[in-house]
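One structure is given here, and the rest of the page talks about it.
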Amino acid sequence: MGRFVLEGGIPLRGTVRISGAKNAVLPILAASLLAGDKCTIKGMPELDDVRTICLVLDALGAQLEKNDSTRVTVHSGALVSCEPPYELVRKMRASFLVMGPLLARMGKAKVSLPGGCAIGTRPVDLHLKGFEALGAKISTGHGTVQAEAKRLKGGRIYLDFPSVGATENIMMAATLAQGETLIENAAEEPEVVDLANFLNAMGARIKGAGTKIVKITGVKDLHGTTYTVIPDRIEAGTYMIAAAITRGDLLLQNVIIEHLKPLIAKLQEMGVKVKDEEEGLRVRMGRRPRAVDVKTLPYPGFPTDMQPQIMALLSLARGTSIIIETVFENRFMHVAELKRMGANIRIEGRSAVVEGVPRLTAAPVRATDLRAGAALILGGLATEGITEVNGIEHVDRGYVALEKKLAAAGARIKRVGTAEGPII
Ligand code: UD1
């Protein structure tokens, strides 16, 4: 397995171009199963997770054609299966997002219970509750879930928690249902909005995406389209913290500032300078950050996917910060590794108490999940000496050419023992 070897202590300077959003492109590719003809997706990030969903589509009978490294055409005219292979679904939780489209398009879907990052139990009960409300018959057994319905019927679904995946899966299924569907307490994440925009471009009738109530009026069929995915707000956020933690100065291009507001507010509270300039978003920091308290929440709250990275920054702050994780119950696995680098962090239930230290020290560490890996790399960038981050297969799931983008901004980082692969 590969690792990153990095020598930190260098302020990052330069321009970083942000790639397309992983969490937008995954449901969008799943949604392309709903169209009878070709969908072209542009701005695709070259990531392992994107590779996995492409393999899932291929196994279901879709024809994929890679136009260039960031553009794929999917033709789902003749699907051959409603059962994605277990070995792909187990690799990535987002594979479960093909369930809604398959159910709507083929009247049946059989999917293994998903795998993915080990950051909590992550059930799929809300997805299933939604399919049931649309008239599907659900059965489970041998680690798989089966849903069946000749034609789905519009229904009303209240989500106990605004789950991103459940909102997306139900929204996709409802596009071809008979009649009107209301999803209440829906997730408001920008990626949900991007998916709704894609579906509407295919002929769906969705209103209210980005608010707590999404209304879907079913249509008979959906057609192909060409669509560009939004930039990745978590990748952008990670580079914003890279600028701050190295006391550097980065210009981020291809970002939607609106999507970054919850993070920008916290960074500014810490003393980081963030400026919207003509060429992009400039992030600068010249001193030790101030401690702040952070509570992760569904959008537009502070994103759980930025919690490990901001913890790395807060471990170097002046003062004590409290981080409360409310979205996932087991998302502090990076803490033990940050402590190996000299961070002073105590876990109390769902809270982490971070006593800022003046400096971290280099150590060999292991990424346990995607964003934990990002946090350790950020810690390493701030540390003089050689840091080795192992388990970078997790990082490759969500960051395009991370070491190249960091190196272009002056970081000394190299990948050892593994190579990045092409999307398809
Ligand atoms: C998506 C993102 C992930 C992000 C998360 C929260 C993708 C591909 N991944 O994941 O990066 O961290 O949103 O912003 O977009 N839950 C249930 N029952 C369900 C579904 C979810 O209890 O049926 C719980 C989960 O266990 C978790 C919480 O709801 O505690 C949030 O999960 P959800 O919003 O569904 O996250 P994902 O869609 O899996």
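The values are calculated or read from the model by the stated rules, or taken from the named source; none is laboratory data. Predicted model only: the values in this text are computed from it and were never measured. Cβ coordinates were reconstructed from backbone atoms using ideal geometry, including for glycine residues, and neighbour counts include every protein chain displayed. Accessible surface is based on the protein model in full, side chains and every heavy atom, while ligands, DNA and RNA are left aside. Shrake-Rupley method; radii C 1.70, N 1.55, O 1.52, S 1.80 Å.
Quick one: in region 294-309, of everything that is without any contact (Cβ under 8 Å) to a residue 40 or more places away in the chain and either over 16 Å from Met270 (Cβ atoms) or open to solvent by 30 Å² or more (accessible area, probe 1.4 Å) (or both), which residue is nearest to the ligand (Cβ to nearest atom)?
Across region 294-309, the extreme among qualifying residues is Thr304.
Would you tally the residues in region 146-183 being touching a Ser or Thr at 6+ places or on another chain (Cβ under 8 Å), more than 18 Å from Ala24 (Cβ to Cβ) and within 11 Å of the ligand (Cβ to nearest atom)?
Qualifying residue count for the region: 1.
For the structure I just gave you, tell me whether Glu258 is out of contact with any Pro (no Cβ under 7 Å at 6 or more places or on another chain), at pLDDT 95 or above and closer than 20 Å to Ala374 by Cβ.
So Glu258 fails the test.
Name the single residue, out of those in region 130-158 being at pLDDT 95 or above and either among the basic types (Lys, Arg) or assigned by TED's automatic domain parsing to the domain that holds Thr326 (or both), that is nearest to Val214 (Cα to Cα).
The selected residue is Arg156.
Quick one: which of Gly43, Gly8 is open to solvent by less than 40 Å² (accessible area, probe 1.4 Å), more than 22 Å from Thr175 (Cα to Cα) and not assigned by TED's automatic domain parsing to the domain that holds Ala196?
Going through Gly43, Gly8 in turn, just one is open to solvent by less than 40 Å² (accessible area, probe 1.4 Å), more than 22 Å from Thr175 (Cα to Cα) and not assigned by TED's automatic domain parsing to the domain that holds Ala196: Gly8.
Yes or no, residue by residue, for (1) small (Gly, Ala, Ser); (2) open to solvent by less than 30 Å² (accessible area, probe 1.4 Å); (3) closer than 21 Å to Ile377 by Cα:
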site	(1), (2), (3)
Ala244	yes, yes, yes
Pro262	no, yes, no
Met285	no, yes, yes
Val292	no, yes, no
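Would you please name the residue that is farthest from Tyr399 (Cα to Cα), looking only at residues in region 58-76 that are in contact with a strand residue (DSSP E or B) (Cβ under 9 Å, 6 or more places away or on another chain) and surrounded by fewer than 13 Cβ atoms within 10 Å (Cβ to Cβ)?
Looking at residues that are in contact with a strand residue (DSSP E or B) (Cβ under 9 Å, 6 or more places away or on another chain) and surrounded by fewer than 13 Cβ atoms within 10 Å (Cβ to Cβ), I get Glu65.
Within region 315-326, is there a residue that is within 16 Å of the ligand (Cβ to nearest atom) and either at pLDDT below 95 or open to solvent by 10 Å² or more (accessible area, probe 1.4 Å) (or both)?
For region 315-326, residues within 16 Å of the ligand (Cβ to nearest atom) and either at pLDDT below 95 or open to solvent by 10 Å² or more (accessible area, probe 1.4 Å) (or both): present.
Which strands (runs of 3 or more DSSP E) sit wholly inside region 126-203 and have at least 1 residues that are under 18 Å from Val98 (Cβ atoms) and aliphatic (A, V, I, L, M)?
Once the strands (runs of 3 or more DSSP E) in region 126-203 are filtered for at least 1 residues that are under 18 Å from Val98 (Cβ atoms) and aliphatic (A, V, I, L, M), what remains is 137-141, 144-148.
Residues are listed down the side, and each one gets a yes or a no for (1) under 30 Å from Lys42 (Cβ atoms); (2) open to solvent by less than 10 Å² (accessible area, probe 1.4 Å); (3) not in a strand (DSSP E or B):
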{"site": "Ala375", "(1), (2), (3)": "no, yes, yes"}
{"site": "Gly379", "(1), (2), (3)": "no, yes, yes"}
{"site": "Val389", "(1), (2), (3)": "no, yes, no"}
{"site": "Ile392", "(1), (2), (3)": "yes, yes, yes"}
{"site": "Ile413", "(1), (2), (3)": "yes, no, no"}
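Taking only pairs six or more apart or across chains, which ones have beta-carbon atoms under 6 Å, a first residue in region 55-78 that is within 18 Å of Arg105 (Cα to Cα) and assigned by TED's automatic domain parsing to the domain that holds Arg105, and a second residue that is open to solvent by 70 Å² or more (accessible area, probe 1.4 Å) and in a strand (DSSP E or B)?
Going by the 6 Å Cβ cut-off, the qualifying pairs are His75/Lys38; His75/Gln63.
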